[in-house]
Amino acid sequence: VESQAQQTRASDAHSVLTRDYDTQVGKCTASKDALMFHIAGLKKIRGELSKTSPTPISIVDCSVSDWTDEACSAACGGGTQERTRTIVSHPVNGTKCPPLKMERKCNIQECPVDCEVGIWTEWTECTAECGGGVQTRTRPKTQEPKFDGTPCPVQSETRTCSPQACNADCELGDWSEWGDCGKPCNTGHRQRVMPVKTEARGTGTCSGEKAEFEQCNKHTCMSMLPANRTSLQCTSKLDVIFLLDGSGTVSDSGFAQSKAMVQKLLPAFDVSEQGAKIGVLVFGGPTDQAALDKCSGVNATSPPDMTTDCGMHWVSHPTNVTADVAQALTSFSWPASTSMAYMALTLARKELEVGRPDAHSVVVVVTDGMVMNPAKTLSAASRFGKAIKLIWVPVAAEMSTLENVQGWASAPWQDNVLPVNDFNDLPTPRQLNTVLASVCPNVM
């Protein structure tokens, strides 16, 4: 449209110029004809006068060549042109020679001015999120074209966008690289994932990212030990909390063996400032209905006391003074109450969430698996995510209990569920090294 308008304006201007030119040429032609007629008359009079002279008079007028034009000094906008001519015959008693040089204006028409445009704007937002939409962008005109200058290019563009269907399942990306092995010995597993690249749209479905595991570090932990040692040594920076089941089903002797396992594990950790911090929480549960209602939040008029009402006993918050932890365990008696494992998991998680950000966070649960509320236990365990490793040591657990425990442990459960046949097996070197291998990424 803009180009057509420019052509129309140029055509109108050309018509006016042509009309003015024709008028001026007509005037110049008439003036020239009048002068030539006058000259012819003068020549005739001169000839008649020469005949009356007593002696013959030779009369020769000056004769010159046609003009030779030099190039114009400018292609447009007004220039000058030099014109020259030469004498063909010199005058004898005739008219003198006219000027042999002259200068005249040339190319007085205005120079063309091309159109100029600015830079493109960003593309607008798509008019639709799916099913096909349109985006546009524009650029401003910064100079109008003049005097037959180059017309303006397009100043607006459109393109299609969001061609994807409005209802579509999610799309998965490529497999990641294999991660680190979950255990340094006793056969661990390493993982790779296929993440969700594009979320599901509309009524589409998505089962989430896929994960694959493969075995690694298949050698036994005992094979790593020198002849003078029976226990692995952990060299990693860790924040570890042991949750010991103090419920009535564990028994006094079973609880004593749980304590003994932790006490024998303590010397295996590097407890320097860049080493491990160890905490122990003994969990039981409410011993009457009123306490249960309080701890469960049912008709509670005031917050429960975590120790007296809910049976949560911090033997020690995470510390690197492991001698104090061992001494506190020695003097701690079997609570013989119920087993509110989900509350213990929540307390341990909150404790580690404010722990050292550059330390590996681990929770180890030693239990017979007979917890009060398996559904709430699963819910509490699922909140650990990937930031805190959750390991379970089920003792003398039935198959149905083991299946529950597998769902409560960090993935893959094969690395983080360490079943034991009897509480008496907990403090043995083989079991201690099995626990260390799951807790500690770096052992020697």
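Do you know which of the residues in segment 392-407 that are hydrophobic (A, V, I, L, M, F, W, C) and either out of contact with any Ser or Thr (no Cβ under 9 Å at 6 or more places or on another chain) or in a strand (DSSP E or B) (or both) is most open to solvent (accessible area, probe 1.4 Å)? Spell out the reasoning first.
First, the residues of segment 392-407 that are hydrophobic (A, V, I, L, M, F, W, C): 392-393, 395-397, 399, 402, 405.
Okay, now just the ones that are also either out of contact with any Ser or Thr (no Cβ under 9 Å at 6 or more places or on another chain) or in a strand (DSSP E or B) (or both), so 392-393, 395-396, 399, 402.
Working: W392: 2, V393: 0, V395: 1, A396: 66, M399: 130, L402: 33 Å².
Among them, the one singled out is M399.
Taken as a whole, the condition of being open to solvent by 20 Å² or more (accessible area, probe 1.4 Å) and hydrophobic (A, V, I, L, M, F, W, C) does not apply to F384. Of the residues Q289, Q263, Q233, Q257, only one is touching a Phe, Trp or Tyr at 6+ places or on another chain (Cβ under 6 Å) and of a type in the set (S, T, N, Q); which? The match here is Q257.
Report whether or not S410 is polar (S, T, N, Q), within 23 Å of A256 (Cβ to Cβ) and buried (at least 17 other Cβ atoms within 10 Å of the Cβ).
Numbers: polar (S, T, N, Q): yes; within 23 Å of A256 (Cβ to Cβ): no; buried (at least 17 other Cβ atoms within 10 Å of the Cβ): yes.
Against the criterion (polar (S, T, N, Q), within 23 Å of A256 (Cβ to Cβ) and buried (at least 17 other Cβ atoms within 10 Å of the Cβ)), S410 does not qualify.
Among the residues of segment 162-177, those that are open to solvent by less than 40 Å² (accessible area, probe 1.4 Å) and of a type in the set (G, A, S) comprise S162, A168, G173. Could you pull out the residue among D305, D309, D288, D293 that is in contact with a helix residue (DSSP H, G or I) (Cβ under 7 Å, 6 or more places away or on another chain), over 27 Å from V443 (Cα atoms), charged (D, E, K, R) and free of Cβ contacts under 8 Å to residues at least 24 places away in the same chain? Exactly one residue qualifies, and that residue is D309.
Of all the criteria given as (1) in contact with a helix residue (DSSP H, G or I) (Cβ under 7 Å, 6 or more places away or on another chain); (2) over 25 Å from D358 (Cα atoms), the one not satisfied by H189 is (2).
Conditions (1) over 44 Å from the mean Cα position of the chain (by Cα); (2) over 30 Å from Q406 (Cβ atoms), marked per residue:
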| residue | (1), (2) |
| --- | --- |
| T301 | yes, yes |
| M306 | yes, no |
| N320 | no, yes |
| Q327 | yes, yes |
| S333 | yes, yes |
| S337 | yes, no |
| M340 | no, no |
| L345 | no, no |
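Here K389 does not fit the description of being on the phi < 0 side of the Ramachandran plot and surrounded by fewer than 19 Cβ atoms within 10 Å (Cβ to Cβ).
When you go through E103, E125 one by one, which is the residue that is open to solvent by 80 Å² or more (accessible area, probe 1.4 Å) and either touching a residue at least 60 places away in the same chain (Cβ under 8 Å) or under 30 Å from T158 (Cα atoms) (or both)?
Details: E103 fails: either touching a residue at least 60 places away in the same chain (Cβ under 8 Å) or under 30 Å from T158 (Cα atoms) (or both).
After ruling out the rest, the residue left standing is E125.
The values are calculated or read from the model by the stated rules, or taken from the named source; none is laboratory data. All figures in this text were calculated on a predicted structure; none of them were measured in a lab. Cβ coordinates were reconstructed from backbone atoms using ideal geometry, including for glycine residues, and neighbour counts include every protein chain displayed. Only protein heavy atoms, including side chains, enter the accessible area calculation; ligands, DNA and RNA are left aside. Shrake-Rupley method; radii C 1.70, N 1.55, O 1.52, S 1.80 Å.
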